Structure formats: structure tokens, C-alpha cells
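The values are calculated or read from the model by the stated rules, or taken from the named source; none is laboratory data. For clarity, every value in this text was computed on a predicted model and none was experimentally measured. Every residue, glycine among them, receives a Cβ derived from its backbone with ideal geometry; neighbour counts consider all protein chains shown. Only protein heavy atoms, including side chains, enter the accessible area calculation; ligands, DNA and RNA are left aside. Shrake-Rupley method; radii C 1.70, N 1.55, O 1.52, S 1.80 Å.
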Amino acid sequence: MSSNLPIAHGDMTAPTPQNTPLNQAPIAQGLSRPTVPDISEDNEQEDDGDVTLPPGAQSAMLGLVQNRLSDLVGKSSGYIESLPIDVKKSVEGLKGVQVKQNELQNQYKRECLELEKKYLELQKPLYERRNAIISGSSAATAEETAAGIQSSLKDNPDYTPLAKDPPTGPAAIPEFWLTSLCNHIGIADLITERDRGALKHLIDVRLSYVSSDESKPGFKISFHFSPNEYFENELLDKTYLYQEEVGYAGDFVYDRAIGTDIKWREDKDLTKEFEIKKQRNKNTNRTRLVRKAKPTDSFFNFFSPPFPPSDDEDIEEEELEELEAKLEIDYQIGEDLKEKIIPRAIDYFTGKALEYDLMEDDDEFDELDEDDDVQFDDDDSDSDNEPPARRRGPPKGRGGSGAGTVNPEECKNQ
């Protein structure tokens with residue numbers, strides 16, 4: 001792998017069209033010496049004072065520099081255009097080789113997807129067994145329980161094994177999926193107090209892949225519900241589609257998502273809030289009460305995903321950035337359901353997975369050197385008086401019975 005290759009230290013700037021001069025520099029040709037005089041140490045000592053800029057000037061200067069640099073990105077320096085015709089043909093030939101390499105990468109990714117499908121089929125009996133234990137339609141066997149106890153002891157040496165009493169029969173696990181979802185930091189932020197009543201009826205979450213007959217690859221997350229007072233659907237799907245070709249980095253690129261249209265029962269739409277307003281008739285001066293609905297935060301907005309704008313759609317930059325952020329969050333939630341929650345649901349139910357999720361979050365922040373300055377806005381000067389934001393910590397002992405479990409009651413309140 002490339003990560004094992006030695007990397008030379010020093011100036012690693014490659015001679016790209018952006019940083020390669022049109023002609024060779026005189027120094028490289030040995031034609032002349034620098035004509036700029038050296039700065040002596042004496043001069044440095046004389047000019048030891050700091051330059052004080054007016055308030056806001058530093059930010060303005062930084063903005064001007066950044067805008068100038070962004071204008072230069074992607075612009076040619078003229079180096080490629082100056083090459084001899086034979087060399088240009090060689091460059092075009094390399095592009096042709098790259099096309100074939102991209103085709104192989106596409107084939108590789110599609111075969112990886114087929115491999116995922118194969119192993120999902122092998123996992124289906126285990127998912128069926130998991131659902132049977134959760135629902136209480138079947139009791140865990142002595143062998144399954146013993147393997148679970150050994151796993152708990154491995155994760156936490158202080159774990160107290162269960163008493164070896166004879167089995168009393170099946171025992172359903174209440175609110176298994178609600179608790180598991182609440183133990184995922186990102187999804188927990190989507191679940192409101194109003195959502196919990198409906199999510200208590202969530203009995204299974206499954207993964208499947210888009211049929212090979214479809215032009216675009218993708219996957220589908222299926223949420224199975226028991227009959228409830230909120231909506232008529234017993235199955236809510238969320239399908240994620242990729243673009244046909246892999247992206248520049250060699251991975252599938254998110255195209256769009258499609259969600260099930262929820263058939264809400266009367267006055268039970270959790271994605272809307274209703275308010276009563278008075279209206280007065282201008283002619284008769286009589287008043288009446290009008291019931292109006294407005295959108296509100298809800299986990300079930302997950303099934304009405306944002307749609308990427310078309311290439312010819314005219315949209316403001318700020319609005320586009322907001323839309324891209326929503327698309328990124330939506331896709332990340334889908335990936336986490338596919339890669340984390342569905343295959344490791346029990347770890348999210350017990351809270352064991354929380355430790356690893358928090359470790360991933362910590363890896364996203366680089367440690368500052370001792371000499372690095374940390375600046376805070378003046379508006380945050382009073383933050384010391386405010387209580388710290390509450391965040392779920394990692395489970396004690398990396399697992400065990402009930403370790404790190406987040407009570408569904410602690411999901412986001414509205």
C-alpha cells in the first residue's frame with residue numbers, strides 16, 4: 001500500500017501547471033546569482049517591533065489573500081502549453097492510460113459491492129435469529145448465552161456473570177431499537193420527545209441492496225413497525241443511490257436518496273406542529289379560529305430527504321451550502337445505519353459502541369502544539385459561567401450489562 005512507501009522530507013511541492021514556471025529560472029541554469037541583498041542579523045534586531053494593524057484590518061487582509069488564492073486555483077501557468085508537441089502527445093497518452101485505470105476501479109468497486117451482497121445473504125439467518133430473541137418469539141439458547149457472557153468478560157473483567165438458573169422461556173427486550181438508535185450520537189440528535197412514542201413500535205431494522213437490474217448501485221434501509229396510532233405504514237424504507245461511476249477518490253459517490261411517503265393518521269403527523277390562530281373578517285368584524293401546520297424537527301423527516309440541485313438550477317451560494325450540509329448529514333446517517341447500527345445493534349443497545357464512536361470523534365481533532373495559540377471570540381467570554389454541554393461518555397469497562405446505555409427518555413426533547 002502507498003502508506004508503506006518511504007516519504008522524503010523537505011520540499012514536497014510537485015511541478016504542477018500551477019507552480020511550475022513557464023521558463024527555467026536563471027538560478028537553475030547557473031546564469032546569475034540572487035540580486036536581493038541578504039538580511040543581516042543586525043537588521044533583524046533593529047526592526048524588532050511588531051506591526052500594529054487597525055482593528056479589523058488583519059481579517060480584511062486575510063480575506064483578500066484568500067480570495068486572491070482561490071481565484072488562482074485551477075488556472076494554468078502556461079507550462080503544459082509550452083511543451084513540445086511530442087511531449088504533449090505523451091501527456092495525452094497518460095490520460096488514456098488513466099481512463100483504463102478508472103474503468104478497472106469501477107469494476108473493482110462493483111465487485112466489492114457484489115461481495116457485500118454475498119455476505120449479507122450469509123448474515124440473514126443471524127439477523128432472523130436476533131429478531132426472534134428481541135421480539136420474544138424464541139428464547140436464547142444456553143450456548144448463545146454462554147458466548148455472550150464470555151464476550152462481556154473479555155470486554156470488562158469486572159463483569160459479574162449471570163446466575164446459571166434454568167431457562168424460564170422467551171423474554172422480549174423492550175424498546176430495543178429505540179434504545180439502540182438513541183445510543184448513536186448523530187441519530188439521537190434527530191429523535192425528539194414526540195418521536196419516542198412512535199419509535200417504541202419499531203421492531204426491526206434491515207439492510208438490503210438495490211437490484212442488479214437497476215442502472216445505479218445503492219442500498220436500502222427498511223424500518224419495520226408494529227401497528228400503531230401514528231401512521232398506517234408497517235414498513236418505512238430509505239433508499240440511497242450512488243452514481244454509476246466511482247468518484248475521483250475511487251469510491252462510490254452519493255447521488256440521491258428516496259424515502260417512503262408516510263401515511264400519517266389524523267392529527268398524528270410528527271413532522272408538523274399545529275397552532276391555532278385567530279382570523280378577523282374585515283367586513284363583518286367576526287373572528288374565527290384557524291388551525292395551521294408548520295414543519296418541525298423530527299426523526300421521521302429522515303424519510304423526506306433533501307434532493308440535490310440540478311446543474312442548471314440557479315441557487316444562492318449560502319442556500320447551496322446549507323443544502324450540501326443537509327445532504328452530507330443525511331448520507332452519513334444512512335451509512336452509519338448500514339455499517340454500524342444494523343450489524344452491531346446489540347453493541348448500541350448496551351452502549352458498548354459509544355466508546356468507539358467517541359474515539360472516532362476524538363481522532364477528527366488534531367492535538368495542538370504547546371506553541372499553538374488558541375483564540376476565542378469575545379462573545380464567548382461568559383461561557384465559563386455556563387454549565388458544560390452534556391455529552392454521553394464512554395461505557396465503563398468497555399461493555400458489560402447495561403454499560404453506557406442511554407435511556408430513551410434522554411433522547412432530544414422538543
Output the number of the condition that Asp255 fails; it satisfies all remaining conditions of (1) farther than 30 Å from Gln98 by Cα; (2) without any contact (Cβ under 8 Å) to a residue 60 or more places away in the chain; (3) open to solvent by less than 100 Å² (accessible area, probe 1.4 Å). (1)
Which pairs have Cβ atoms under 7 Å, sit 6 or more apart or on different chains, and link a residue in segment 178-205 that is closer than 19 Å to Arg130 by Cβ and open to solvent by 20 Å² or more (accessible area, probe 1.4 Å) to one that is of a type in the set (D, E, K, R) and at pLDDT 95 or above? Lys200/Glu175
Scan of segment 94-146 for residues that are of a type in the set (S, T, N, Q), exposed (fewer than 12 other Cβ atoms within 10 Å of the Cβ) and more than 33 Å from the chain's Cα centre (by Cα), ordered by number: Ser137
Between a residue in segment 296-307 that is over 11 Å from Leu327 (Cα atoms) and any residue that is open to solvent by 20 Å² or more (accessible area, probe 1.4 Å) and basic (Lys, Arg), which pairs come within a Cβ distance under 8 Å, given they are 6 or more apart or on different chains? Thr296/Lys272; Asp297/Lys412; Ser298/Arg194
If Asn283 meets every condition in (1) closer than 19 Å to Ile333 by Cα; (2) open to solvent by 80 Å² or more (accessible area, probe 1.4 Å); (3) of a type in the set (S, T, N, Q) apart from one, which number is that one? (1)
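For Pro308, are the conditions met, namely being at pLDDT below 90, of a type outside the set (S, T, N, Q), under 23 Å from Tyr242 (Cβ atoms) and surrounded by 11 or more Cβ atoms within 10 Å (Cβ to Cβ)?
Numbers: at pLDDT below 90: yes; of a type outside the set (S, T, N, Q): yes; under 23 Å from Tyr242 (Cβ atoms): yes; surrounded by 11 or more Cβ atoms within 10 Å (Cβ to Cβ): yes.
Taking the combined requirement at face value, the residue satisfies it.
Here's the yes/no breakdown for (1) assigned to a loop (DSSP other than H, G, I, E, B); (2) more than 23 Å from Glu128 (Cα to Cα); (3) of a type in the set (Asp, Glu):
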residue	(1), (2), (3)
Lys294	no, yes, no
Asp311	yes, yes, yes
Glu319	no, yes, yes
Gln332	no, yes, no
Inside segment 147-187, can you point out the residues that are over 29 Å from the mean Cα position of the chain (by Cα) and among the charged types (D, E, K, R)? Lys154, Asp158, Lys164, Asp165
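Please find, among Phe303, Phe299, the residue that is in contact with a Gly (Cβ under 6 Å, 6 or more places away or on another chain) and open to solvent by less than 30 Å² (accessible area, probe 1.4 Å).
Step by step, each of Phe303, Phe299 is checked, and only Phe303 is in contact with a Gly (Cβ under 6 Å, 6 or more places away or on another chain) and open to solvent by less than 30 Å² (accessible area, probe 1.4 Å).
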Being in contact with an Asp or Glu (Cβ under 6 Å, 6 or more places away or on another chain), on the phi < 0 side of the Ramachandran plot and either touching a residue at least 60 places away in the same chain (Cβ under 8 Å) or assigned to a helix (DSSP H, G or I) (or both), is that true of even one residue in segment 337-357? yes
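Just for segment 361-373: of the residues that are surrounded by fewer than 10 Cβ atoms within 10 Å (Cβ to Cβ) and in a helix (DSSP H, G or I), which one is modelled with the highest pLDDT?
Asp362
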Output for segment 79-88, where each listed residue is surrounded by 11 or more Cβ atoms within 10 Å (Cβ to Cβ) and not β-branched (Val, Ile, Thr): Tyr79, Ser82, Leu83, Lys88
Collect the residues in segment 340-360 that are buried (at least 20 other Cβ atoms within 10 Å of the Cβ) and over 19 Å from the mean Cα position of the chain (by Cα), keeping them in residue-number order. Asp347, Phe349, Thr350, Gly351, Lys352
Would you mind finding the one in Lys238, Lys268 that is among the charged types (D, E, K, R), open to solvent by less than 90 Å² (accessible area, probe 1.4 Å) and under 18 Å from Arg194 (Cβ atoms)? Lys268
Per-region count, segment 286-296, residues open to solvent by 100 Å² or more (accessible area, probe 1.4 Å) and among the hydrophobic types (A, V, I, L, M, F, W, C): 1
Could you please tell me which pairs satisfy a Cβ distance under 6 Å, a separation of 6+ or placement on different chains, a first residue in segment 126-153 that is under 14 Å from Phe176 (Cβ atoms), and a second residue that is of a type in the set (D, E, K, R)? Asn131/Asp204
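So, in segment 258-295, of the ones that are among the hydrophobic types (A, V, I, L, M, F, W, C) and free of Cβ contacts under 8 Å to residues at least 60 places away in the same chain, which residue ends up nearest to His224 (Cα to Cα)? Give the derivation first.
Start the filter on segment 258-295 by keeping residues that are among the hydrophobic types (A, V, I, L, M, F, W, C), which leaves 258, 262, 264, 270, 274, 276, 289-290, 293.
Cutting the leftovers down to free of Cβ contacts under 8 Å to residues at least 60 places away in the same chain gives us 258, 262, 264, 274, 276, 289-290, 293.
Working: Ile258: 17, Ile262: 13, Trp264: 16, Phe274: 27, Ile276: 34, Leu289: 38, Val290: 36, Ala293: 27 Å.
So, considering only residues that are among the hydrophobic types (A, V, I, L, M, F, W, C) and free of Cβ contacts under 8 Å to residues at least 60 places away in the same chain, the one nearest to His224 (Cα to Cα) is Ile262.
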Flag for Tyr159 being farther than 29 Å from Glu232 by Cα and either surrounded by fewer than 18 Cβ atoms within 10 Å (Cβ to Cβ) or in contact (Cβ under 8 Å) with a residue 60 or more places away in the chain (or both): yes
